[in-house]
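Asker: Right, I'll just put the structure down here and ask away after.
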Amino acid sequence: MRRRRLAPLLAVSVTATLAPVLATSTATAAPAATPSAASTSAARSALDGYKKQKPRWERCDAGSPAEFECATIKVPLDYRVPGGKRIDLAISRLRSTTPDKRRGVLLSNPGGPGGEGLHMPLGMQDRLPASARQKYDLIGFDPRGVGRSSPVSCGLEPDEENWLRPYKEETFGKDIAWARDVADKCREKAGGTLPHITTRNTARDMDVLRAVLGEKKISYVGYSYGTYLGAVYTQLFPGRADRFVLDSAIDPARAWRGMIQWWAEGAEPAFDRWTEWAAEHAEKYGLGATPKEVGRTFWDLVAQADEKPIEVDGWANTGDDIRSGMRAAVFSPQYASEGLVELKKAASGEPVSAKKLAAFIRPEGSGTAGAAAATAETPSDNLTASLLAVVCNDNSAAWPRDPESYRRDAIEDKGRYPLFGDFASSIKPCAFWDSSVEPATEVSNTVGSLVVQNEWDSQTPLASGQALHATLKGSKMVTVLGGEGHGVYPNGNACTDGTVNGYLVTGKLPAKDVICRATADSNAEARKNQKRDVLPGSPLPRRAPDRF
C-alpha cells in the first residue's frame, strides 16, 4: 500500500541596450540614508535605460492564437544596485479589440506566490465583457523568478517540497532538520538571486513594464496573492495606478506567517457551519442528526484513519490527510458532506466516487511539485522555490528563529483550531532563512480600488478581505454573502460581475460598499477554482497551450 504524500500552496530577445538601474519608487520604509540630489538624478537616468526598451513581440507559441504575442524584457535583479545583474521578465499581450476605444493596459496576476501569469490574457479574454476588451490591451507576465522569468530553483526533491506538515512530537526533530536543510539548499543553489524575489521587486518590475509599454498608468486585476502584489504597487507607485480590482484578498499586515495561520482560524467557523448544514440534511447524507453528531462522525473517522490509514486507489490516507483536506472542503458544506460520505465508504471497503473525494484525496506529485513540473521550461521545484522566496523574504521578522517557539505555537493552535492549527503554525523553512533585504511594505493609502470577496473563502477568509479594504482607504468592497470558493470574478453573478465590469469600463467606483448574494450557479463556478494548500491559490487557469 502506498502512502500518499501531503502536498502544499519563450524567451524573446530585446533589441535595446540597457543602462544600469536604481529604483526610484516611493517606498514606505525609510532608506538607510537620504539620497543626494546627484544620486537621485543618476538613479532616474539609470532607470530610463530599462524604460526605453523596445520589446520584440512574437507569437507566443505555435499552439496559441496568432494575436497572442510574447516578448522578454530585462529588469534589475537588485533595484538598489545600478550596475548589478539583470534578469528576464517574460511578458505577453492581447491587443484591444477596438483601438479607437482603447484606454490603456490591464495587467493581471493569478495568485501564488509562484503562479505563472504569462498566459492569463487568454483566460481573461474569455471572461471579460466585450466593452472591457475594447478598453484594454490585456497584459500578462510571469513574476520574477517564476516560469519563464529567470526561474529560481532550490534543487529540492518532491518530498522536500511538502512545506505544510502537521505537528507530531515524535517527528518534530526531523521537521526541524527538514526546514533547515531546505533553507540551506535554497541558499546554496540560488543565494545570489533568491533574496531579491520579493513582492516589492515584482511591483517595481510592473512599473518598468508600464513604462516600456508607454503608459502613464496601469489597470490591474489581481487574484489572491495578486491582491497583495496590487496593494504593494499602489503603495510604491500611487500616481500610476488606474483601475485596480483585488479579488479574494490578502491582509497586508499578516503577510506571511499570519496569513497561513488564518487558514486555520478561518476553517473553524466554516466547520461549525458545515456541521449545522449536514445535520439539516441528515436524511440525505446520514452524517448525524445534530451538529454535535456530525462533528463526532468526522473526528471518529480521523481517529480511525490515524489508527489504520484509509486506502483509496492505492493511496493510504491518515487522519492528518483527512484534516488537511477538510480544511478547505468545509467552506462548501455540500462539497464536504459528499466527500465525507465517500470516505466513510472507503473506510468500510466499499466502492467510492473519486470525483466526490477530490476534496480529500490527491495522488503524490499533484501538489506543488507536480504543478511546477507540468511546465517543461521551468525547474521542477520552481513553484515551491519562488513561493518560499516571497513568503520568507517579504517579512523575515514575522518568522521566529527559535524552533521551540514553533512547537509551542503548533501545540497551542492545534488545541484552538483542531482542523489545521498545527499545520499552519509548525516549523517552516523561513525559520532558517536569511534576513530580508528590505523591510516589509506597510500598506496604507487612499488609491482607488475595488476589493471583491466571498463570505466563505477557504484561502483568504472574509476578515482578510475586510482588512485590506480598511487598509486601502480609497477602496470600495464587494462582499458576496453566502459566496463559496476562492476567486469571485467573474462567476455569472449579475451583482458581482456587473459591479466589477462597471468599474473596469467606466472607472467609477460604487458610491458605497456593495453587498451581493451568492447563487447556486455562482458558487458552483467558484468551487471549480478550489485548490488545496497553495498559498493562497490561483483562481484563473493558466491556459498554456498544452493545457487548453
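Every number in this text was worked out from the coordinates using simple rules, so none of it is lab data. Keep in mind it's a predicted model, so treat the numbers as computed, not measured. Heads up, the Cβs are rebuilt from the backbone with ideal geometry, glycines too, and the neighbour counts pull from every protein chain shown.
Asker: Starting from the Cα-Cα distance between residue 280 and residue 188, subtract it from 0.36 nm times their residue separation and give me the gain in nm to one decimal.
Answerer: Full extension from residue 280 to residue 188 adds 27.6 nm.
Asker: Using the Karplus curve 6.51 cos²θ - 1.76 cosθ + 1.60 with θ = phi - 60°, what ³J(HN,Hα) values do you get for each residue of the range 119-133, in whole Hz, with x for Gly and Pro?
Answerer: Going residue by residue, I get 9, 4, x, 5, x, 5, 5, 6, 9, 6, x, 4, 5, 6, 5 Hz, with x marking Gly and Pro.
Asker: Between the range 473-500 and the range 176-240, what is the separation of their alpha carbon centroids in Å?
Answerer: One Cα centre to the other: 25 Å.
Asker: On full extension of the chain, what length is gained from residue 169 through residue 463, given 0.36 nm per residue of separation minus the C-alpha to C-alpha distance?
Answerer: 102.6 nm
Asker: Excluding residues fewer than 8 places away in the same chain, name every one of the lysines whose C-alpha is closer than 19 Å to that of residue 135.
Answerer: Here the lysines satisfying the reach criterion relative to residue 135 are 101, 216, 217, 508.
Asker: Follow-up question, since we're still on this one. Using only the Cα atoms of the range 185-324, build the gyration tensor, take square roots of its eigenvalues as a ≥ b ≥ c, and label the shape rounded, prolate or oblate: rounded if a/c is under 1.5, else prolate if a/b is larger than b/c, else oblate.
Answerer: prolate
Asker: Note the full-extension length gain between residue 442 and residue 292 as 0.36 nm times their separation in residues minus their Cα-Cα distance, in nm to one decimal.
Answerer: Gain on stretching residue 442 to residue 292: 49.7 nm.
Asker: Now for a different question. Can you tell me how the range 259-347 classifies by the Cα gyration tensor, rounded, prolate or oblate, using a/c under 1.5 as the rounded cut?
Answerer: Taking the square roots of the gyration eigenvalues as a ≥ b ≥ c, the range 259-347 is oblate.
Asker: Order of 243, 210 from fewest to most other C-beta atoms within 10 Å?
Answerer: 210, 243
Asker: Just order 65-75, 481-491 by mean Cβ neighbour count inside 10 Å, highest at the front, would you?
Answerer: 481-491, 65-75
Asker: What's the FRET efficiency of residue 304 with residue 524 using the Cβ-Cβ distance as r and R₀ = 22 Å, to the nearest 0.05?
Answerer: Efficiency, from the Cβ-Cβ distance: 0.10.
Asker: Here's another thing I want to ask about it. Fewest Cβ neighbours within 10 Å first, please rank 280, 342 accordingly.
Answerer: Listing 280, 342 from fewest to most nearby Cβ atoms yields 280, 342.
Asker: Next question, about the same structure. For the ranges 150-161, 133-144, what's the packing order if you count other beta-carbon atoms within 10 Å of each residue, average per peptide, and put the highest first?
Answerer: Going by the mean number of other Cβ atoms within 10 Å, highest first, we get 133-144, 150-161.
Asker: Still on this structure: Which lysines have a Cα lying under 30 Å from the Cα of residue 185, excluding residues fewer than 8 positions away in the same chain?
Answerer: Hits, sequence-local ones excluded: 74, 85, 168, 174, 414, 428, 531.
Asker: With a Förster radius of 22 Å, plug the Cβ-Cβ distance of residue 377 and residue 67 into 1/(1 + (r/R0)^6) and report the FRET value to the nearest 0.05.
Answerer: 0.50
Asker: For the ranges 168-177, 389-398, what's the packing order if you count other beta-carbon atoms within 10 Å of each residue, average per peptide, and put the highest first?
Answerer: Most protected by this proxy first, the peptides run 389-398, 168-177.
Asker: Taking the number of other C-beta atoms within 10 Å as the exposure measure, put 451, 182 in order starting with the fewest.
Answerer: Ascending Cβ contact count within 10 Å gives the list 182, 451.
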